[in-house]
Each structure stands twice: as C-alpha cells, then as structure tokens.
Amino acid sequence: MQQIAGHCECGRRLEWKTTVGTGHYRESACACGRRHDVELGASGWATVAQLTPERSVPLAGFSTELRAAPDAERFWFSHPLRGDVALPVHILFSPSARKAEVKAADLKVFHLDDVSHPTTARRRWIGWWQHRRRGERGGGLSPLVPPRVGRLPVAWIGRRTPSLASH
Ligand SMILES: [Zn+2]
C-alpha cells in the first residue's frame, strides 16, 4: 500500500486507503473531516494543501441554488492572494450536482462545473487566479498582446471617416 508523507492539522497520519481520484493528484479525507490534496512528487506522495470544513460560507456572492443543495459541503483553505499574505478562500461544493463555487476576499465568485472533489475545485480556482493575475500585470488581456493593439481599428476608422465624407 502507498504511503503519504505528512500529517493532518489534527495530528493524524494521512492514510492511503481514504484517497480518491486518479492520476498524480488525489484527495485524502482525514477522520476529522479535513480533506488533503495529495500529489505525487519526486519523493513520493505528499500532502500539498489542506481543506478545512466550515459550518457556513459567507453568504454574499454564492448562488442560492448551491447554498440550498441538500448535500452542500463547505471548506476553506488559505492562499497568498496579495503578496505573501494568506487569506481564507471558501469553497461551496455539491457532490451530486458536481458543481462548486469558490470565493476569496472581495473577488467575485468563481463557478465550476464537472467538479469531482473539493480539492479539484481548489486546483482549478488557483489556475484561474494565476491566469487572472498574469493578465493584470501585463496591463492587458494577455502579456503577449500589448494593450495598444486593441485600439488600432478605432484609430483607423477615425482617420478614414472625414475622407469618405468629402467624396
Ligand atoms: Zn485530521
């Protein structure tokens, strides 16, 4: 049986028999209710993130539909949103609907479909967040596209209109 390096915050060792998922990322459920994102690295399987259950999520931003789901599960994890300051990020997840909503600080809620586990929602949210941050730093939609490019057609129309009117 596989071994997982790392302990839950409650002190228990993570057990392979409680893991679900396939591939190089698994989710391990601790008896205390926390979920761990377990990743296969160079030195074997290890926990890379911990999701802690919470009784309620902040109401603002989350959909009524998901909040009312009978099997709704709520977790939070911390993530360095601004600089090195870690802030709580909230996950609302319905296993039967395979839907999740993720919200951090004053950011808008991120909706996800086809979610199998709450740790999957975390991974996909981080991917979205990092993509979004790269966009902000580049000053445009993508660092590969200078912001000026988007204005060229407008400038072209502006130049042409007077000459068309004079004909
Ligand atoms: Zn635990």
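The values are calculated or read from the model by the stated rules, or taken from the named source; none is laboratory data. Computed from a predicted model, the values in this text were never measured in an experiment. FYI the Cβ positions are ideal-geometry reconstructions off the backbone, even for glycines, and counts take in every protein chain you see.
Considering only residues of the range 4-20 that are part of a loop (DSSP other than H, G, I, E, B) and at pLDDT below 90, which is surrounded by the fewest Cβ atoms within 10 Å (Cβ to Cβ)? Once the filter is applied, the top-ranked residue is GLY6. Against the criterion of being at pLDDT below 90, among the aromatic types (Phe, Trp, Tyr) and over 19 Å from ARG124 (Cα atoms), TRP45 does not qualify. Checking each residue in the range 21-43 for being more than 14 Å from the ligand (Cβ to nearest atom), among the small types (Gly, Ala, Ser) and surrounded by 12 or more Cβ atoms within 10 Å (Cβ to Cβ) picks out only GLY21.
Count of the range 108-125 residues, restricted to those that are in a loop (DSSP other than H, G, I, E, B) and of a type outside the set (A, V, I, L, M, F, W, C), is 5.
How about the range 44-71: which of its residues are within 14 Å of the ligand (Cβ to nearest atom) and free of Cβ contacts under 8 Å to residues at least 60 places away in the same chain?
Answer for the range 44-71, where residues must be within 14 Å of the ligand (Cβ to nearest atom) and free of Cβ contacts under 8 Å to residues at least 60 places away in the same chain: THR47, GLN50, THR52, PRO53.
Counting only residues that are out of contact with any Gly (no Cβ under 8 Å at 6 or more places or on another chain) and over 22 Å from GLU136 (Cβ atoms), the range 102-118 holds 4 of them. Among what's in the range 48-78 and is at pLDDT 90 or above and among the polar types (S, T, N, Q), pick the residue that is farthest from ARG122 (Cα to Cα). Ranking the candidates gives THR64 first.
Within the range 1-10, can one find any residue that is among the hydrophobic types (A, V, I, L, M, F, W, C), away from the ligand (no atom under 14 Å from the Cβ), under 19 Å from TRP125 (Cα atoms) and in contact (Cβ under 8 Å) with a residue 12 or more places away in the chain?
Within the range 1-10, the first condition is being among the hydrophobic types (A, V, I, L, M, F, W, C), and the residues that meet it are 1, 4-5, 8, 10.
Now drop any that are not away from the ligand (no atom under 14 Å from the Cβ), which leaves 1, 5.
Filter again for under 19 Å from TRP125 (Cα atoms), leaving none.
No, every residue in the range 1-10 fails to be among the hydrophobic types (A, V, I, L, M, F, W, C), away from the ligand (no atom under 14 Å from the Cβ), under 19 Å from TRP125 (Cα atoms) and in contact (Cβ under 8 Å) with a residue 12 or more places away in the chain.
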